[in-house]
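Note sheet for the following structure.
The values are calculated or read from the model by the stated rules, or taken from the named source; none is laboratory data. Predicted model, so just to flag it, every value in this text is computed and none were measured. Neighbour counts are summed over all protein chains in view; Cβ atoms, including those assigned to glycine, are modelled from backbone coordinates with ideal geometry. For the accessible areas, the whole protein counts, side chains as well, though only heavy atoms, and no ligand, DNA or RNA atoms are used. Shrake-Rupley method; radii C 1.70, N 1.55, O 1.52, S 1.80 Å.
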Amino acid sequence: MPSITLLIFGLVSIATVQQSKKEKSIKQKNMTTEQVKKLSVGEWVSISPEVRPSISKNADGSMKPFYLTRDFTYSADGKFTLQMINSADAYGKVPLVKIVLKGHTVWQGEHPIAAGAQKIDYIADEAYEITPLIQGFADAMNQGASKGFDKWEVNKTQSILGKAFAPFGLSEGQIYGEFDLIYISNDMMFWGAKHVDGRSFAKVENRPDNLQIPMVRKK
């Protein structure tokens with residue numbers, strides 16, 4: 001008899017877990033824009049260094065990758081801060097530059113990639129800052145982006161907000177923005193995956209159509 005009792009309890013436990021998963025699935029499917037906004041509030045960080053394709057190519061014609069880590073903060077008023085550290089290597093041991101963007105978001109409705117995914121635009125109209133972290137990057141900036149800026153130096157931050165900045169393809173007076181997506185599942189935040197040809201999300205027609213490596217809540 002005890003074995004039958006244990007079996008019954010076991011079946012009840014399995015049924016409870018399955019029901020819980022089903023409820024979570026339904027909740028995810030029915031999640032509204034406002035619910036996603038509420039879940040987004042807080043600080044999110046990369047799990048590990050991430051790889052992206054770029055528009056630059058290696059000598060053999062293959063796509064040249066670049067590596068980065070993200071630290072993203074979203075507030076209840078719709079403002080965001082994104083800090084990225086770009087590295088020369090896949091393990092993030094050789095940081096090249098720190099990039100900080102601040103601004104507001106515009107939510108554009110559901111994205112078809114997954115139930116609960118939302119289209120979101122990031123408008124960096126409050127800050128766009130560049131800090132070289134290695135001499136080689138500072139030297140490159142002094143060669144390719146010296147006009148209108150102080151001398152680029154390691155650990156010296158300069159603002160490129162609204163300024164012409166050839167290395168990033170920015171023109172005078174341009175406010176940088178990205179047409180992206182956001183999806184939250186199991187307390188992980190997914191954005192859009194970079195297009196395989198390296199195109200940015202700076203045009204609405206380039207809004208991503210797949211999911212990127214997620215970030216997790218910073219503890």
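Considering only residues in segment 111-127 that are touching a Lys or Arg at 6+ places or on another chain (Cβ under 8 Å) and surrounded by 18 or more Cβ atoms within 10 Å (Cβ to Cβ), the one that is farthest from Glu172 (Cα to Cα) turns out to be Gly116.
Taking strands (runs of 3 or more DSSP E) as the structural unit, those lying wholly within segment 118-218 and holding at least 1 residues that are more than 26 Å from Leu39 (Cβ to Cβ) correspond to 118-132. Within segment 137-155, the set of residues being within 17 Å of Ile85 (Cβ to Cβ) and among the small types (Gly, Ala, Ser) comprises Ala138, Ala140. On the given criteria, is Gly109 at positive phi and either touching a residue at least 12 places away in the same chain (Cβ under 8 Å) or outside any loop (DSSP other than H, G, I, E, B) (or both)? Spelling it out, Gly109 is indeed at positive phi and either touching a residue at least 12 places away in the same chain (Cβ under 8 Å) or outside any loop (DSSP other than H, G, I, E, B) (or both). Residues that are within 20 Å of Trp107 (Cα to Cα) and charged (D, E, K, R) within segment 117-133 comprise Lys119, Asp121, Asp125, Glu126, listed in sequence order. Tell me, yes or no, whether segment 137-150 has at least one residue that is of a type outside the set (D, E, K, R), open to solvent by less than 60 Å² (accessible area, probe 1.4 Å) and touching a residue at least 40 places away in the same chain (Cβ under 8 Å). Taking every residue of segment 137-150 in turn, at least one turns out to be of a type outside the set (D, E, K, R), open to solvent by less than 60 Å² (accessible area, probe 1.4 Å) and touching a residue at least 40 places away in the same chain (Cβ under 8 Å).
For segment 167-196, a residue qualifies if it is over 20 Å from Lys102 (Cα atoms) and open to solvent by 70 Å² or more (accessible area, probe 1.4 Å), and the qualifying residues are Asn186, Asp187, Val196. The set of residues in segment 203-217 being under 14 Å from the mean Cα position of the chain (by Cα) and either of a type outside the set (A, V, I, L, M, F, W, C) or open to solvent by less than 50 Å² (accessible area, probe 1.4 Å) (or both) consists of Arg207, Pro208, Asn210, Gln212, Pro214, Met215, Val216, Arg217. Scanning segment 50-63 turns up no residue that is touching a residue at least 24 places away in the same chain (Cβ under 8 Å), of a type in the set (S, T, N, Q) and not in a strand (DSSP E or B). Quick one: count up the residues across segment 39-77 that are of a type in the set (D, E, K, R), surrounded by 12 or more Cβ atoms within 10 Å (Cβ to Cβ) and at pLDDT 95 or above. Residues flagged as of a type in the set (D, E, K, R), surrounded by 12 or more Cβ atoms within 10 Å (Cβ to Cβ) and at pLDDT 95 or above within segment 39-77 amount to 4. Looking at this structure, is Gly103 buried (at least 17 other Cβ atoms within 10 Å of the Cβ), touching a strand residue (DSSP E or B) at 6+ places or on another chain (Cβ under 8 Å) and small (Gly, Ala, Ser)? Here the answer is yes, as Gly103 does meet what is asked.
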